[in-house]
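The values are calculated or read from the model by the stated rules, or taken from the named source; none is laboratory data. Just so we're clear, the structure is a prediction, and the values are computed from it rather than from any experiment. When we count neighbours, we look across all protein chains shown, and the Cβ atoms used for this are built from the backbone with ideal geometry, even at glycine. Surface accessibility is based on the protein's heavy atoms, side chains included, excluding ligands, DNA and RNA. Shrake-Rupley method; radii C 1.70, N 1.55, O 1.52, S 1.80 Å.
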Amino acid sequence: MKDTATGSQGRLRIGIDVGGTFTDFVMADADTGRVALFKEPSTPDDPSRALIEGLEKFLDREGVGPEEIGGLMHGTTIGLNAIIQRRGARIGLIVSKGFRDILEIARCRMPSSFDLHADKEVPLVPRARVIEIDARFDRAGRLSREPDAAELDRVAQEIAALNLDAAALMLINGYADPETEGRIAAALSDRIEALSITSAATIWPEIREYERTLVACLNAYIQPLMDAYFNRLTKGLERIGVTAPLLVTASNGGSLSVGSAVARPVETILSGPASGVMAAVRQASQSGMQNIITFDMGGTSSDMAVATDGVAGIATRTDIGGLPLVLPVVDVNAIGAGGGSIVWADALGILKVGPHSAGAFPGPVSYGQGGTEPAVTDCFIAAGFIDPANFGGGRMPLDGEAARAALDTVAERIGMTGDDRPARLAEGALSVASAGMAGSLFRTMAERGLDPRDFVLLPFGGAGPTHANLLAEEIGIDRILVPQAAGAYCAMGAAGADLRRDFVRSLRVALSAETAAQTEGVFAALEAEGNAWLDAELPLIEGRRAERSADMRYAGQAYELRVELEPGADVVALAEAFHREHERIYGFRDIGAPVEIGTIRLAMIGAGHPLAASAATGVDGAAPVRVLRPLFHKGAWHEARIHDRETLGAGALLPGPAVIEQPETTTVILPGWTGTVDARGNIVIERTKA
């Protein structure tokens with residue numbers, strides 16, 4: 001980056017992704033496409049410390065001054081971890097009279113239909129901190145019970161006595177009039193000094209009171225933590241002289257200003273994984289690949305997502321820590337182990353991988369930080385996939401002998417004998433991990449009616465390119481695309497993220513000419529709200545667009561299908577769009593059945609300056625071999641060629657076995673596969689034809 005910083009003032013974007021093991025940085029020149037990567041060990045006790053320290057080191061290494069940064073885009077898992085670990089704020093809940101047990105009752109579903117002893121998920125707010133208020137709306141949005149000043153004073157006094165950090169308010173049918181519910185929340189907040197109260201209808205005005213209540217509770221639960229974190233982060237950035245705008249990536253694949261992220265932190269819960277998927281979709285489209293499976297293997301777990309026809313899947317419901325979340329999110333599914341997943345043997349001597357992880361500390365045994373149980377990363381070392389002396393570009397050398405010794409202990413425990421026990425045990429553990437991933441992936445693809453063999457595998461994350469070829473062999477995929485910045489791809493996605501926010505309104509009306517016109521009016525109102533939000537977020541966008549959809553169903557069905565819609569659609573176009581989607585999903589349409597419109601959805605997107613396409617860094621056709629190293633695969637040692645990623649030129653051929661090293665990750669090409677470097681510096685790995 002040193003030769004591109006001059007004259008590019010303000011065009012440098014830095015994407016940051018805080019993971020459980022490493023904090024990743026990507027510096028991208030929006031005009032030239034030049035990219036620099038950096039990794040810093042995470043500091044779980046205060047993630048902002050690793051971010052600030054790593055950013056300082058990164059800028060110093062690249063010879064870039066803070067004033068040359070045009071923007072910082074930051075993905076974080078702080079909110080997600082707080083929810084999963086139940087370490088959020090002490091919150092209360094205010095609900096309409098008669099609905100105090102809304103979190104206890106939930107949807108009256110058992111966690112496991114065939115397990116009578118399964119434990120029900122503990123509510124986010126205990127019943128003792130749920131307060132009733134004499135207020136509610138009717139289904140038309142009229143305030144049928146309006147709280148007077150005395151009622152507001154009573155509720156405020158009860159809240160104050162609970163010593164809360166934050167609270168949430170949910171009124172029955174509040175989705176029909178979010179402005180009035182918001183005013184009631186503000187009236188309560190004014191009576192209690194320094195207590196933030198999240199209005200469920202204001203933050204997400206969608207029907208179904210349990211799910212809407214959870215959105216508000218989750219927002220309140222993580223808001224104080226996120227507020228404190230961003231306060232520390234902004235002060236740290238000021239200390240090192242960084243004044244560029246700070247954006248926070250969102251679960252829908254877009255980004256928000258810090259102000260929006262603090263007000264609506266629930267929208268950032270899955271921001272890291274979403275950013276990587278969006279970067280993968282952009283990269284694959286540039287390479288002419290429209291159907292991809294992304295494979296993000298980090299330190300703790302592995303995630304997958306599917307993109308068809310160049311579009312990432314968006315889900316309007318997912319589960320977070322056992323709780324349903326009904327916000328739009330990039331559809332990412334956890335499928336298995338990560339680099340820090342523990343390799344162990346159960347009481348019957350059966351080899352297992354995960355679910356426990358060594359995390360950033362103590363980490364795998366090879367980290368030399370006191371860990372005693374081997375992890376997947378230790379297996380990569382024992383099998384020759386990773387050079388312990390060159391891990392992280394030599395900044396973080398690992399203890400290979402300790403890794404092999406720990407694996408040998410597990411091998412002895414399961415009764416393994418003979419030579420090369422650590423390598424054979426490592427291969428067995430990697431096979432177990434691959435089988436687990438493949439099982440989860442096949443199940444997810446089958447639910448969508450898709451065959452993974454029709455897709456290209458696009459790996460990223462610190463361990464994704466290392467394990468991708470093993471997974472491709474397991475699931476029968478013939479083609480893999482490894483991007484240049486794969487080792488820090490979630491950070492890369494953050495650097496290129498557009499501004500985006502989703503808006504909803506629930507209608508619950510039968511489709512007719514009159515309600516079609518009403519639907520168009522709601523879309524217009526949401527678009528005006530979205531434009532106002534964009535104007536307040538960041539005026540330096542280069543374009544904006546609105547994407548429309550609606551949840552629709554046949555009368556009598558319990559749940560809806562999300563249907564993409566065009567502006568100005570009349571009753572005939574709306575009905576045909578739903579019939580077509582229903583036929584695609586279920587194989588039939590019922591043109592005689594009444595159609596209902598449930599929730600109207602609008603995504604407002606502000607497009608920033610697009611990042612230029614990257615290019616191969618080496619001389620065309622060049623593939624210099626730095627050294628040869630033994631690699632263990634299918635019970636035998638093979639002599640693998642070791643390449644430095646930065647020396648590879650466009651058109652270079654890389655027959656397996658080969659290992660391509662870069663500071664952020666290692667790409668492995670197995671025997672029977674061949675890699676080719678394309679013009680953008682990606683490595684395309686394909687099965688070698690007989």
Length-normalised contact order of region 232-366, Cα under 8 Å, at least 6 apart, in percent, tallies to 17 percent
With bins of 5 Å, the percent of all Cα-Cα pairs of region 554-690 per bin from 0 is 2, 8, 13, 13, 8, 5, 4, 6, 9, 11, 11, 7, 3, 1, 0
Here D for region 471-625, in µm²/s, from Stokes-Einstein with a Kirkwood Rh over Cα pairs at 10 °C and 1.306 mPa s, works out to 83 µm²/s
Magnitude of the Cβ-charge dipole (Lys and Arg +1, Asp and Glu -1) of region 599-649 about the Cα centre, nearest 20 debye, reported as 240 debye
Sorted largest first, the C-alpha extents of region 99-216 along its principal axes in whole angstrom are 49, 35, 20
Note on the chain: contact order normalised by length, alpha-carbon pairs under 8 Å, 6 or more apart, percent, works out to 13 percent
For the chain, the dipole about the Cα centre with charges only on Cβ (Lys and Arg +1, Asp and Glu -1), to the nearest 20 debye, works out at 560 debye
re region 10-64: pairs of Cα atoms spaced beyond 17 Å account for a percent value of 34 percent
P(r) of region 325-437 over all Cα-Cα pairs, 5 Å bins starting at 0, rounded to whole percent, reads 2, 13, 22, 23, 17, 10, 5, 4, 2, 1, 0
Fraction of alpha-carbon pairs in region 649-690 farther than 14 Å apart, rounded to whole percent, equals 44 percent
The ³J(HN,Hα) series, computed from each phi in region 321-331 with the Karplus coefficients 6.51, -1.76 and 1.60 at θ = phi - 60°, rounded to the nearest Hz and given as x for glycine or proline, is x, x, 10, x, 10, 9, 7, x, 9, 4, 6
In whole percent, the fraction of accessible protein surface over the chain that belongs to carbon or sulfur atoms, probe radius 1.4 Å, stands at 51 percent
Volume per residue (Å³) of the convex hull spanned by the alpha carbons of the chain is 168 Å³
Note, region 111-127: 3J(HN,Hα) by Karplus (6.51, -1.76, 1.60, θ = phi - 60°), whole Hz, Gly/Pro = x, goes x, 9, 4, 10, 10, 6, 9, 5, 7, 6, 4, 5, x, 5, 10, x, 4
Semi-axes a, b, c in Å (a largest) for region 261-340, each sqrt of 5 times a Cα gyration tensor eigenvalue, come to 22, 16, 12
Of all DSSP beta bridges having both residues in the chain, the percent classed as antiparallel (nearest 5) is 75 percent
Taking 157-169, 117-129, 389-401 and ranking on average Cβ neighbours within 10 Å, highest first, one gets 157-169, 389-401, 117-129
Contact order relative to length for region 302-415, counting C-alpha pairs under 8 Å separated by 6 or more residues, stands in percent at 19 percent
Env charge @ Asp420, Cβ radius under 11 Å, K,R +1 / D,E -1, value 0
For the chain, the per residue accessible area (1.4 Å probe, Å²) is 40 Å²
Where a ≥ b ≥ c are root eigenvalues of the Cα gyration tensor, a/c under 1.5 meaning rounded, otherwise prolate if a/b exceeds b/c and oblate otherwise, region 421-538 counts as prolate
Counting lysine pairs in the chain that sit 8 or more positions apart or on different chains, with Cα atoms under 20 Å apart, gives 6
Cα-based Debye curve of region 214-351 sampled at q = 0.10, 0.12 Å⁻¹ gives log₁₀ I(q)/I(0) of -0.45, -0.62
